[in-house]
Amino acid sequence: MSLDYRDKLVLLQTLEYIQEVDTTLKRFGLEFETFIEDFVYKNSVSMSAMQIGELKNSLSDEFIEKYGSYFDWDSLRKLRNQFAHAYARIDEEIIWDFATRKAPELEEVINRVLLEDRKQEK
């Protein structure tokens, strides 16, 4: 069974935000100190991370059930909730970890899911 159109759209939009995170990291560098000292850097990554978390809420229950073992999808919702409800108290290390470790992992997972979907469509 192929992916639901809405789930596919959410995944593609998520990839766009992951690319924004990657572009920002490349522009500002991979130094944590720069990240915590430069509000433009931190805000750019944070906004993309928040959008990714918001998009997770649009994935169907069927998608989460089928691909739940691929990634900790709930961690995206938790990340989004931190921004929405406690922005002034967000741990910069959590954002940095998302940008440098979890976002690339998520990108690989999404690309894998989309590839599997294309193979099923044939």
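Residues that are more than 19 Å from residue 8 (Cα to Cα), of a type outside the set (Phe, Trp, Tyr) and touching a residue at least 40 places away in the same chain (Cβ under 8 Å) number at least 2 in the following helices (runs of 4 or more DSSP H) confined to the stretch 31-121: 39-56, 92-97. Residues of the stretch 1-11 that are under 15 Å from residue 55 (Cα atoms), aliphatic (A, V, I, L, M) and either in contact (Cβ under 8 Å) with a residue 12 or more places away in the chain or in contact with a Gly (Cβ under 7 Å, 6 or more places away or on another chain) (or both): 10, 11. Residues of the stretch 16-48 that are of a type in the set (Gly, Ala, Ser) and at pLDDT below 95: 46 alone. The set of residues in the stretch 20-33 that are β-branched (Val, Ile, Thr) and within 17 Å of residue 94 (Cβ to Cβ) comprises 21, 24.
For the structure I just gave you, tell me whether residue 18 is β-branched (Val, Ile, Thr), more than 24 Å from residue 119 (Cα to Cα) and within 11 Å of the chain's Cα centre (by Cα). Judged against the criteria, residue 18 is not a match.
The values are calculated or read from the model by the stated rules, or taken from the named source; none is laboratory data. Worth saying up front: this structure is predicted, and the values here are computed from it rather than measured. As a convention, Cβ positions derive from the backbone with ideal geometry for all residues, glycine included, and neighbour counts pool all protein chains shown.
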